[in-house]
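Student: First the structure, then my questions, so here it is.
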Amino acid sequence: MVKYRSRAPLRLGLAGGGTDLSPYCDAFGGAILNATIDRYAYVTLEPLHHGPLQFEARDTGVSLSLDPDASSLQLEGELILHKAVYRRICMDFNGGRPFPCRLVSYCESPPGSGLGSSSTVVVALLKAFAEAMQLPLGDYDLAHLAFEIERVDAGLQGGRQDQYAATFGGFNFMEFRAEDRVIVNPLRVKNWILSELESSLLLYYTGQSRASAAIIAEQARNMAHSGPSNPAIEAMHQLKADAYEMKEALLRGDIGHVASVLNKSWEAKKSTASSITNSSINALMDTAFSSGAIAGKVSGAGGGGFVTFLVDPERRTELAKVLQQQNGQLMPCSFTKRGAEGWRID
């Protein structure tokens, strides 16, 4: 039996996070610096000749058996992203006809972790279908389709960077403009700079996933009040400026300046919504900084999930030992230059 597999990388948001959200990017334009890491969402697609549609999410232990008629598939309940991808594929690329298959996914980061896991799963699902059906989808096409499926079809709140990061891979400076126009600028970061940054990086999982939709909804409400003195909009302006500043520091290999911008961005980010930080995150930050950290920022929307720390490599072991004594866990990671991939197994 022929099978098709795919994988797409998760990402670390380094600067500009939140400026890819509407209504901000529609009115002012957004800018984001992010990088993909060697943690992935994996998908296996096995076409079937007949029988029910089979969905499995091995990381959450959920499996469904469904009628393969896409027109009757309701986007509700469990595995809504699997349903939304399948329905869009059938309606847009298969003439509305069913495409019976067994679809199995696994993600190396839980939902709500701040690494873009949900969007990465959507990209991996689409990449598997594109491989199986030989769909003419370029990188921009794939990423935009993933965005539409997740944000419009499934109605899940969030930004735009995750789909493009998972599709393109590597270090990217992304610009987000009105009417869903996106420009992805790949950065040619020298190998010694990547090595220094990896040596300075510790990724820590708090063990607490969070509902990013609530934080994003609060950010949107805060930005809806126009006026020159809106603190949420001013914070977003700062986050966008930080993305440009960090890009220059990164390309120069000035990790100290990268750390300074990361800290500045964390302070600005906390001004966009009240639930981005909490007492446990603040305590974790205090502990880390007293043990050698020179920068720290919660990934994604905030409120929990992963925290990115930067530390002088000579004090890396010291900080790692302290973090291991907390309630979460350290996650090893390296940067990856490759984006979403698909292949066939006979």
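Student: Being outside any loop (DSSP other than H, G, I, E, B), open to solvent by 20 Å² or more (accessible area, probe 1.4 Å), small (Gly, Ala, Ser) and at pLDDT 95 or above is the requirement here; does Ser65 meet it? Even if it seems obvious, please write down each step before you answer.
Tutor: Working: outside any loop (DSSP other than H, G, I, E, B): yes; open to solvent by 20 Å² or more (accessible area, probe 1.4 Å): yes; small (Gly, Ala, Ser): yes; at pLDDT 95 or above: yes.
Spelling it out, Ser65 is indeed outside any loop (DSSP other than H, G, I, E, B), open to solvent by 20 Å² or more (accessible area, probe 1.4 Å), small (Gly, Ala, Ser) and at pLDDT 95 or above.
Student: Within the group Ala288, Ala295, Ala273, Ala268, which residue is closer than 15 Å to Leu197 by Cβ, small (Gly, Ala, Ser) and in contact (Cβ under 8 Å) with a residue 24 or more places away in the chain?
Tutor: Just one listed residue meets the conditions, Ala295.
Student: Do we find that Trp343 is more than 26 Å from Pro231 (Cα to Cα) and of a type in the set (Phe, Trp, Tyr) in this structure? Give the derivation first.
Tutor: Values: more than 26 Å from Pro231 (Cα to Cα): yes; of a type in the set (Phe, Trp, Tyr): yes.
Yes, satisfied.
Student: Taking the conditions exactly as written (out of contact with any Gly (no Cβ under 7 Å at 6 or more places or on another chain), touching a residue at least 24 places away in the same chain (Cβ under 8 Å), open to solvent by 40 Å² or more (accessible area, probe 1.4 Å) and over 16 Å from Val152 (Cβ atoms)), does Arg87 satisfy them or not? Talk me through it step by step, then tell me what you get.
Tutor: Numbers: out of contact with any Gly (no Cβ under 7 Å at 6 or more places or on another chain): yes; touching a residue at least 24 places away in the same chain (Cβ under 8 Å): yes; open to solvent by 40 Å² or more (accessible area, probe 1.4 Å): yes; over 16 Å from Val152 (Cβ atoms): no.
It is false that Arg87 is out of contact with any Gly (no Cβ under 7 Å at 6 or more places or on another chain), touching a residue at least 24 places away in the same chain (Cβ under 8 Å), open to solvent by 40 Å² or more (accessible area, probe 1.4 Å) and over 16 Å from Val152 (Cβ atoms).
Residue by residue, here is whether (1) surrounded by fewer than 17 Cβ atoms within 10 Å (Cβ to Cβ); (2) at pLDDT 95 or above holds:
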{"residue": "Gln219", "(1), (2)": "no, no"}
{"residue": "Ala224", "(1), (2)": "yes, no"}
{"residue": "Pro231", "(1), (2)": "yes, no"}
{"residue": "Lys240", "(1), (2)": "no, yes"}
{"residue": "Leu250", "(1), (2)": "no, yes"}
{"residue": "Ile255", "(1), (2)": "no, yes"}
{"residue": "Leu262", "(1), (2)": "no, yes"}
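Student: Considering each residue of segment 290-318, count those that are surrounded by fewer than 21 Cβ atoms within 10 Å (Cβ to Cβ) and either of a type in the set (Asp, Glu) or more than 17 Å from Gln329 (Cα to Cα) (or both), and give that number.
Tutor: Count: 8.
Student: Does Ala8 count as in contact with a Gly (Cβ under 9 Å, 6 or more places away or on another chain), surrounded by 23 or more Cβ atoms within 10 Å (Cβ to Cβ), modelled with pLDDT of 95 or more and assigned to a strand (DSSP E or B)? Before the answer, list the steps.
Tutor: Values: in contact with a Gly (Cβ under 9 Å, 6 or more places away or on another chain): yes; surrounded by 23 or more Cβ atoms within 10 Å (Cβ to Cβ): yes; modelled with pLDDT of 95 or more: yes; assigned to a strand (DSSP E or B): yes.
For Ala8, the condition - in contact with a Gly (Cβ under 9 Å, 6 or more places away or on another chain), surrounded by 23 or more Cβ atoms within 10 Å (Cβ to Cβ), modelled with pLDDT of 95 or more and assigned to a strand (DSSP E or B) - is met.
Residues checked against (1) touching a helix residue (DSSP H, G or I) at 6+ places or on another chain (Cβ under 6 Å); (2) farther than 18 Å from Trp343 by Cα; (3) open to solvent by 10 Å² or more (accessible area, probe 1.4 Å); (4) assigned to a loop (DSSP other than H, G, I, E, B):
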{"position": "Ala27", "(1), (2), (3), (4)": "no, yes, yes, no"}
{"position": "Ala31", "(1), (2), (3), (4)": "yes, yes, no, no"}
{"position": "Val43", "(1), (2), (3), (4)": "yes, no, no, no"}
{"position": "Glu46", "(1), (2), (3), (4)": "no, no, yes, no"}
{"position": "Gln54", "(1), (2), (3), (4)": "no, yes, yes, no"}
{"position": "Asp59", "(1), (2), (3), (4)": "no, yes, yes, yes"}
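The values are calculated or read from the model by the stated rules, or taken from the named source; none is laboratory data. None of these values were measured; they are calculated from a predicted model. Methodologically, a virtual Cβ is constructed for each residue, glycine included, from the backbone with ideal geometry; neighbour enumeration extends over all protein chains shown. To get the accessible areas, we keep the full protein, side chains included, count just its heavy atoms, and leave off ligands, DNA and RNA. Shrake-Rupley method; radii C 1.70, N 1.55, O 1.52, S 1.80 Å.
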